[in-house]
Amino acid sequence: MGGVLYRPIGREWLDQGYWRIAEIYNNHPFTVLQYLGVHDDYVDEDGIYRVWENGHKFYQNAITIERFLREPIDIVIASVPEHITSFKKLCEVHPNHPKFIYQIGNAWPVEAGLAPNVMASAKIANVPGNVNFIEYHQEFDTKIFCPTVGVPGNNVYSFINCLNTSDIYKHDWPLFTGLESAMPDWTWRTFGGSCRDGEMNGQQAVADKMREAKFIWQVKAGGDGYGHVLHNALAVGRPLIVKKQYYAGKMAEPLLVDGETCIAIDGLGYQQVINKILHYSDPTEYAKMCNGAYKKFCEVVNFDQEQKIIEVFLSKLV
């Protein structure tokens, strides 16, 4: 859209009360360093740092609070509820008085009266009529997350953070390990923050690992507001293993068609799940599912079309 995107860097954002993500994690020093830390290989260009990712294929523009206040900023976006009040204050103290947007990526409330402009990549109910509102899919690079030729091995991979450590997933974790034990010819792996088999960082690395898998384990209690992993998996043409009940009423629900884009295991016992996995692993059935997964993604998600809608939304910022 011809803009430049900045994210905060430097703990002055925290010290001055604007950056509040650390409060979610009890102000843990590692969280502050992870998000705001200035590392030795970062080059300071008068308060703007170019932070490279994926082997110098992509970079983020990171900006200090001092440079932010000197930069001609047009829009400030809060992507977590904790930043609504503090980022609105940013708009007030900045000489340009930028427009404020609340970006909702999970099933959070609109916070009526606090956010005049709302972008939601989640299903949100009871949106006040006076709010400039848009529902959209968070865009990702479909040149990276795309199908490739070839049949993967018998691998089931999960990319759910904290799958084996978070209490919210403790009901389904024994199902994962039980299936792993019952299917010794298959490889079962969990990737992500605090996961048993390690982290998986960077878009290219995640996409490549997804294409290694025959199925993506997305049995995620509570579902997602949006669900990058779920959308990414279908974009690379990989069927999901899910409990559809977790996605009832969520943005991703239309993407989940049992036997077409996913294997739904709601209410099934171990042997029934195993039988479904083996059935859809048949080469003919599996090819249909891979094609169905990618086709459904393309039917439901159109980033280019949504860009035009977003441009209209931006033209109406309050």
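Summary of values
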| item | result |
| --- | --- |
| Extent along principal axes [Cα atoms of region 1-125; Å; largest to smallest] | 44, 32, 30 |
| Calculated FRET efficiency for the pair Leu278/Gln60, C-beta based, R₀ 45 Å, to 0.05 | 0.55 |
| Note, ³J(HN,Hα) from phi for region 301-312, Karplus 6.51, -1.76, 1.60, rounded to Hz, x at Gly and Pro | 10, 9, 5, 5, 5, 5, 4, 4, 5, 5, 4, 5 |
| Translational D in µm²/s for the chain (Stokes-Einstein at 10 °C, 1.306 mPa s, Kirkwood Rh from C-alpha pairs) | 74 µm²/s |
| Full-extension gain in nm, Lys123 to Asp197, via 0.36 nm per residue minus C-alpha separation | 23.5 nm |
| Those trypsin sites (Lys or Arg not before Pro) in region 51-133 that DSSP places in a loop and that have at most 15 other beta carbons within 10 Å | Lys57, Arg70, Lys123 |
| Residue-by-residue Karplus 3J(HN,Hα) for region 210-221, coefficients 6.51, -1.76, 1.60, Hz, glycine and proline x | 4, 5, 6, 7, 7, 9, 9, 6, 10, 7, 10, 4 |
| Packing rank of 272-278, 245-251, 150-156, 37-43, where each peptide gets the mean count of other beta carbons within 10 Å, highest leading | 245-251, 272-278, 150-156, 37-43 |
| Point-to-point label distance, Glu311-Gln204, nm (Cα→Cβ direction, 7 Å offset) | 3.0 nm |
| Note, ³J(HN,Hα) from phi for region 250-262, Karplus 6.51, -1.76, 1.60, rounded to Hz, x at Gly and Pro | 9, 4, 7, 3, x, 7, 9, 10, 4, x, 10, 10, 8 |
| Potential extension, Glu92-Arg50 segment - 0.36 nm per residue separation minus Cα distance | 12.4 nm |
| In nm, spacing of pseudo-spin labels at Met1 and Asn130 (7 Å Cα→C-beta vector) | 2.4 nm |
| Prolate/oblate/rounded label for region 105-205 (Cα gyration tensor, a/c 1.5) | prolate |
| Chain lengthening between Thr165 and Gln245 when straightened (0.36 nm per residue, less Cα-Cα) | 26.6 nm |
| Share, in percent, of DSSP beta bridges within the chain that are antiparallel, nearest 5 | 20 percent |
| Solvent-accessible surface (1.4 angstrom probe) belonging to Asp208, in square angstrom, nearest 10 | 70 Å² |
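The values are calculated or read from the model by the stated rules, or taken from the named source; none is laboratory data. From a predicted model like this one, the values you see are computed outputs, not experimental measurements. Neighbour counts are summed over all protein chains in view; Cβ atoms, including those assigned to glycine, are modelled from backbone coordinates with ideal geometry. For accessibility, only protein heavy atoms count, side chains too; no ligands or nucleic acids. Shrake-Rupley method; radii C 1.70, N 1.55, O 1.52, S 1.80 Å.
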